[in-house]
Amino acid sequence: MREARRRSQKKPRVRRKRRWPRVIAILLGLIVVLGVLAVVFFTPLNNTYRNVTGNDTPADSAVKAQLVKQIEKRKTGDPTTDAVLDQAATTLDNTKMSTIVQAAGNQDKFSHLLQSTTGVPAAQANTAAAAVFSTSELTPLREAVAEGNYVKAYQEYQALSATAKAQASSLLSTYK
């Protein structure tokens, strides 16, 4: 009878541990940590991806698209000027960012890039490259591009004085 009584008594339920909230919290924490690391190490990751594949990264394409928009904003309605701006936009769009980054860090490559994209003679391309590399106000901008650090390059461009922007513009217009 005792056994029957024991069987009839309700056994206390063992509480099941709920593991899903903990698992979800851990997964969300990992996603946040990976997101923060991706933001902090964006430039090295972007440069590594570009160097490994040899192609433009999604960030490169976005930067080039924004630059093309800025070039197209400068159209005046004059067919001659607009044709030059269209050619500049097309050239920028067709040039790999890895080539531009390398040219920003090496004067000879910069000169060669000028020759191949604009068709100017070697002497003029060398003079223009020397002027760009010797202008101290353009050095931080050029170095930021050479590092592939687009945020820093944008900040350096914004920090350029109006005089430096005018000098760079006149320098480039001289070698059309």
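In this structure the chain gives 74 Å² per residue of accessible area when probed at 1.4 Å with all protein chains present.
In the context of the full protein assembly, D86 retains an accessible surface of approximately 60 Å², using a probe radius of 1.4 Å and ignoring ligands and nucleic acids.
Note on D86 and S136: their simple-model spin labels are 4.3 nm apart, each label 7 Å out from Cα toward Cβ. Ligands, DNA and RNA left out, the accessible area of the chain computed with a 1.4 Å probe is 59% carbon and sulfur.
Approximating the spin labels as points 7 Å out from Cα along Cα→Cβ, the N94-to-L27 distance works out to 4.8 nm. Potential lengthening of the chain between N51 and A65 amounts to 3.0 nm, from the contour at 0.36 nm per residue minus the alpha-carbon distance.
Expressed as a fraction of 2.2 N^0.38 Å, the C-alpha radius of gyration for the range 14-95 is 1.95.
Result for the chain in a Gaussian network model with C-alpha springs under 10 Å: among K165, K73, K17, the largest mean-square fluctuation is at K17. Put simply, the amide H of G148, placed in the peptide plane, has no neighbours under 5 Å, leaving out anything fewer than 5 places away on its chain. The HN-Hα couplings worked out from phi for the range 83-92 by the Karplus form 6.51 cos²θ - 1.76 cosθ + 1.60 (θ = phi - 60°) are 5, 5, 5, 5, 5, 5, 5, 5, 4, 4 Hz, whole numbers, x standing for Gly and Pro.
For the range 70-176, just say rounded, prolate or oblate: build the C-alpha gyration tensor, square-root its eigenvalues into a ≥ b ≥ c, call rounded for a/c under 1.5, and beyond that prolate if a/b exceeds b/c, oblate if not. The partial results should precede the final answer.
Values: a/c = 1.37, a/b = 1.17, b/c = 1.18.
Rounded, since a/c falls under 1.5.
Note on the chain: GNM, Cα springs under 10 Å; of L28, L37, L92, the largest mean-square fluctuation is that of L28. Once all protein chains are placed together, T127 keeps about 70 Å² accessible to a 1.4 angstrom probe.
When the surface is traced with a 1.4 Å probe over the full set of protein chains, E156 keeps roughly 50 Å² accessible. For the chain, modelled as a GNM with alpha-carbon contacts under 10 angstrom, which of A103, A166, A89 fluctuates the most? Its mean-square fluctuation being the largest, the pick is A166. To the nearest 10 degrees, how steep is helix 58-73 against the longest Cα principal axis of the chain, on a 0 to 90 scale? Helix 58-73 and the main axis of the chain meet at about 40 degrees. Helices in the chain, meaning DSSP H runs of at least 4 residues, each add -39500 (n - 2.57). Divided by all residues, the mean residue ellipticity at 222 nm is -24500 deg cm²/dmol.
The values are calculated or read from the model by the stated rules, or taken from the named source; none is laboratory data. Computed from a predicted structure; not experimentally measured. Glycine gets a Cβ as well: all are built from the backbone with ideal geometry, and neighbour counts include every protein chain shown. Just the protein is used for accessible areas: all its heavy atoms, side chains included, with ligands, DNA and RNA removed. Shrake-Rupley method; radii C 1.70, N 1.55, O 1.52, S 1.80 Å.
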